[in-house]
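Below: one structure in structure tokens.
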Amino acid sequence: MDSGIQFSSTGPAFQLSGAGVFRLFERIVPLLDGSLSREELRTAAGPRHWPVVDGLLGHLSERGFLRWISAGDVEVVDERDRAEHAEQISFLAQYVDAPHAAFRRFRDAPVHLVGDGPLVDAVAENLRANGHRDVHAIADPSSPDSDEALAQAEHVIVMPTARSYSWFRRRGASLEASRLLLVVPGAGRLWALPHRWAPGAAEGPDWTDAVAALEEAGALAGLHRMLVSADHGHAPLVGRAASVPVQRMMGALLSYEVFKGLTGALPAETATGAVSLDSVTGETASHRVVPSTQRGRAIVVPLRPSASDPARRPRVPSLRDSRADEYDAWREAVGPITMPVTGFDDADLTQLPMKVGVAVTTSGARRASSSMWTAADARMEAVARCYEDLVAELEPATGRVALATTGDGSIAEVPAGAVFRRSRANSDGRHDRSAAAVAVALTAEAAVDRAVDGAVAEALLLDAVRRPSGTVFPLRADDAASTFIRDIAPGISCVHLGSVEVDGHGELHVAVAHEERDGLVVWHAAVGASPVSAAVSAASEVVAQRQHGHLAPETASMRLWSGVDPRALVGGDGTGAARRAEVAVGLLEAPLLVAAGLVAATAVVVGGVPTWTS
């Protein structure tokens, strides 16, 4: 380009301008091959030119185009390895500040390959060619020496051979799952399942989670049956998957996973999921995997009050409520085959008047949602509802959970079954309806807001079911959202169930919108900062149910509160003034949430209105 240089790489493009910048860059770029230290560059440039050269190098370094490697890092690898494996070290230098240390981690970490054949040979050859010195190929793992070595090994890769699977059937369950990387055939693919590459890494999925997901999705016919067959001498690999070219391709893929995992320079796909190779097309794919809801125990951490701003809640819904910019982050929690939410079933649905979304789980369950703004908003809400169902299945660590009230932060203990309603803690169904909610979001703040809303809605619904006091009111506000609802659904009725004051969250109103269709009353309850805000949110779900049709014959409220007639919630002397509600909140911790990149919170109304959660 004129008067400068345009730089384009894997990062954002940038330019350096100036009449002499190209000539300067042209002269110094041969010196940036890694052979000179910063001090040697300073000496070569001389005191007169060094400030200009240093400024240029600083710009390149800030933008990731140039990386300074410390002398201390260089010294961790001897001169012979630096010469023989300069290509590998140079590659690592593109991603980390200590490439020599990363290479040494890869070089010295023992890797045990259980099995024999072209796949094992390809992995071993690739690892050694890239500088690995401690790879062990164990064709017969049943020998006493091999069995003892494997029991202590940190990285054990079990290949799909008869002898390795036979050994795995007998000994696999006794080894820590995170130390094993299992390779399995299924659905015309070879799969490398999750593995923990770094000691002390965050608890992620392991091979058991991946097998459960693959079997549920039908991509794996049944690991147990495959292991039994191997025990009788039958080879696990058949057809194209057994061919030498396919096995060598898988070997290259797997050895690169080992390289990434041990160096830590690049994220290994198998650290958070599985990778697969199509034995027909040669296509490779990564598949995120989340730990099972039954693995480990969910921990609830009381959340002390923070400086939340109730004023940020809009009095009426508006386009500002759209969160479409979060869609990419939510999309990461969705994936075919191995994720609990596999995709969407809304392509054929009419997207007028409401934007609608339907998320599908591995079990085939569907959760629907809607938005007045974008289809992305509707889909994100549908995904959140799926994960909230999963969170409710988590098994709590104790029979009662401690939460912190939003007011003074005092601790309140509530039955675990009120929070984890779909777990064994609520096996008697006692807490199917309680003034509690779990919520999933991308941030703790959003999750807490959502959980508090849900708990308040549950509390006032409980109160209205037992002591009807709702007030019918017309949706006459002239804001855009209210006008929109009136225009598309003039027959919808709204019932205000009242409001409560919650410390840190302001006054929250609960409203029910309902409409009669062919003798069936379709209804939904929602929370808002005003009766109008709550009613509009509720009405949007009622309208959207027309579009969802058979995919979601009930709204979320109808599914949770089956048998309730919203018209029966009206009565008494009306809702009256807002009551103060004491709400306790906490954050939930579980491997499922970490792997999915989501945050979960729970909220329980523990005082101020009848709660029935004792």
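Give the separation of the Cα centroids, region 76-99 to region 145-213, in Å.
That distance is 30 Å.
What's the magnitude of the charge dipole for region 109-288 around its Cα centre, counting Lys and Arg as +1 and Asp and Glu as -1 at the beta-carbon? Answer in Debye, nearest 20. Mind dumping the intermediate values first?
Numbers: 14 positive and 20 negative charges, 49 e Å.
Dipole about the Cα centre, nearest 20: 240 debye.
Tell me which residues come under 5 Å, amide H to amide H, from Gly273 once H is placed; ignore anything under 5 positions away on its chain.
Amide H neighbours of Gly273, under 5 Å, 5+ apart: His195, Val289.
Stokes-Einstein D for the chain at 37 °C, 0.692 mPa s, Kirkwood Rh over Cα pairs, in µm²/s?
For the chosen part, D equals 117 µm²/s.
Which value, to two decimals, describes the C-alpha radius of gyration of region 299-607 once divided by 2.2 N^0.38 Å?
Values: Rg = 18.2 Å, N = 309, 2.2 N^0.38 = 19.4 Å.
Here the Cα radius of gyration is 0.94 times the empirical estimate.
Given 0.36 nm per residue, what is the gain on full extension from Arg225 to Ala578 after removing their alpha carbon distance, in nm? Intermediate results must be reported in sequence, preceding the final value.
Values: separation 353, 0.36 × 353 = 127.08 nm, distance 6.12 nm.
Contour length minus Cα-Cα distance gives 121.0 nm.
Using the Cβ atoms and a cut-off under 13 Å, what net charge is assigned to the surroundings of Arg304, where Lys and Arg are +1 and Asp and Glu are -1?
Overall, the nearby charge balance is -2.
Only four residue types carry charge here, +1 at the Cβ of Lys and Arg and -1 at the Cβ of Asp and Glu. Report the dipole size of the chain about the Cα centre in Debye, rounded to the nearest 20.
540
Please compute the contact order of region 488-553 in relative form: average sequence separation of alpha-carbon pairs under 8 Å and at least six residues apart, divided by the residue count, as a percent.
Values: 118 pairs, mean separation 17.0, N = 66.
Over region 488-553, the number comes to 26 percent.
So who's got an amide H within less than 5 Å of the one on Trp373, skipping anything under 5 residues away but keeping other chains? H placed 1.01 Å off N, in plane.
Lys355
Right, another one. Using each residue's phi in region 553-559, evaluate 6.51 cos²θ - 1.76 cosθ + 1.60 at θ = phi - 60° and report the 3J(HN,Hα) Karplus result to the nearest Hz, with x for Gly and Pro.
x, 10, 6, 4, 5, 5, 5
Where in the chain are the helices, taken as whole DSSP H runs, whose Cα atoms extend 27 angstrom or more along the long axis and whose Kyte-Doolittle mean reaches at least 0.5?
Values: long enough: 244-263 (28 Å, 0.59); 375-393 (28 Å, -0.02); 444-466 (33 Å, 0.68).
Within the chain the helices that satisfy the rule are 244-263, 444-466.
Mind listing which trypsin sites (Lys or Arg not before Pro) in region 426-495 are in a DSSP loop and have 10 or fewer other Cβ atoms within 10 Å?
Values: sites: Arg430, Arg433, Arg450, Arg466, Arg476, Arg486; in loops: Arg430, Arg433, Arg476.
Filter output for region 426-495: Arg476.
Right, here's the next one. List the residues whose amide H sits under 5 Å from the amide H of Val606, counting only those 5 or more places along or on another chain, with H placed 1.01 Å from N in the peptide plane.
Hits under the 5 Å cutoff: Glu582, Val583, Ala584.
Also: Region 76-184: which trypsin sites (Lys or Arg not before Pro) are DSSP loop and have at most 14 other beta-carbon atoms within 10 angstrom?
Arg133
What does the charge count around Trp68 come to, taking other residues whose C-beta lies under 9 Å from its C-beta (Lys +1, Arg +1, Asp -1, Glu -1)?
Here the count lands on +1.
Given contacts defined as C-alpha pairs under 8 Å and at least six residues apart, what's the relative contact order of region 299-607, whole-number percent?
Taking the mean separation of contacting Cα pairs over the length of region 299-607, I get 23 percent.
Each reported figure results from applying straightforward, stated rules to the coordinates on display, with no laboratory input. Nothing here was measured: the structure is a model prediction, and the numbers come from that model. Glycine gets a Cβ as well: all are built from the backbone with ideal geometry, and neighbour counts include every protein chain shown.
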